[in-house]
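Below is one structure; the comments refer to it alone.
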Amino acid sequence: MVLALNAWAWWAAGALLVTPLPAGPAAPVASTERWQPWTPTRVAELNAQGRSVMVDFTAAWCVTCQYNKKTALANSAVLADMDAKKVALLRADWTRRDPAVTAALRELGRSGVPLYAIYTPGRAPVLLSEILSVDELRRELAKL
């Protein structure tokens, strides 16, 4: 019984992660259009321009990462807050274990994904929880 329930739970959760989002004006904003590729120097360049940066350390095989992308990171209120604060959005793809991403994760005291970090000029990076919530993101963005 436990095995059957566990299998059903994984099946149900998987369906949520691979279901295409509806098109049209009522659809959530596609976060992938806003995100730029991360490079080791890009955060410093943007901070030097006075901009805060959010980095999504992610991988295609990371189920939690995909869940966060479809929920908190695609939330229209979160995206509006990011626009209002002019937060640059960078995505560090660790799908193939990029050594530069690995080094950045280590610098932040982590050994894997997901990791969400907000870099603000003159401050230490703020690390967010692995399972993001809209409230947590909006609270941190309000501090910028």
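The values are calculated or read from the model by the stated rules, or taken from the named source; none is laboratory data. As the structure is a prediction and not an experimental result, all values here were calculated from the model. Because the Cβ atoms are built from the backbone with ideal geometry, glycine has one as well, and the counts that use them run over all protein chains shown.
Checking region 40-50 against the condition returns a match, with at least one residue being modelled with pLDDT under 95 and either in a loop (DSSP other than H, G, I, E, B) or among the hydroxyl-bearing types (Ser, Thr, Tyr) (or both). Being in contact with a Ser or Thr (Cβ under 8 Å, 6 or more places away or on another chain), in a strand (DSSP E or B) and surrounded by 13 or more Cβ atoms within 10 Å (Cβ to Cβ) is a condition met by at least one residue of region 93-108.
If I ask for residues that are hydroxyl-bearing (Ser, Thr, Tyr) and within 15 Å of the chain's Cα centre (by Cα), which ones from region 32-71 would you list? Can you show your working first?
Of region 32-71, the ones hydroxyl-bearing (Ser, Thr, Tyr) are 32, 39, 41, 52, 58, 64, 67, 71.
Within region 32-71, THR32, SER52, THR58, THR64, TYR67, THR71 meet the criteria.
Considering only region 96-128, state which residues are touching a helix residue (DSSP H, G or I) at 6+ places or on another chain (Cβ under 8 Å) and under 24 Å from LYS70 (Cα atoms). Matches in region 96-128: SER111, GLY112, VAL113, PRO114, LEU115, TYR116, ILE118, TYR119, VAL126, LEU128. Residues of region 71-82 include none that is closer than 16 Å to TRP38 by Cβ and outside any helix (DSSP H, G or I). Among the residues of region 124-143, the ones that are charged (D, E, K, R), loosely packed, with under 15 Cβ neighbours inside 10 Å and either within 18 Å of PRO114 (Cα to Cα) or out of contact with any strand residue (DSSP E or B) (no Cβ under 9 Å at 6 or more places or on another chain) (or both) come to 2 in all. Going by the conditions given, is ARG138 modelled with pLDDT of 95 or more and part of a helix (DSSP H, G or I)? It is true that ARG138 is modelled with pLDDT of 95 or more and part of a helix (DSSP H, G or I). Among the residues of region 109-121, write down those that are in a loop (DSSP other than H, G, I, E, B) and touching a residue at least 60 places away in the same chain (Cβ under 8 Å). Residues satisfying the conditions are THR120, PRO121.
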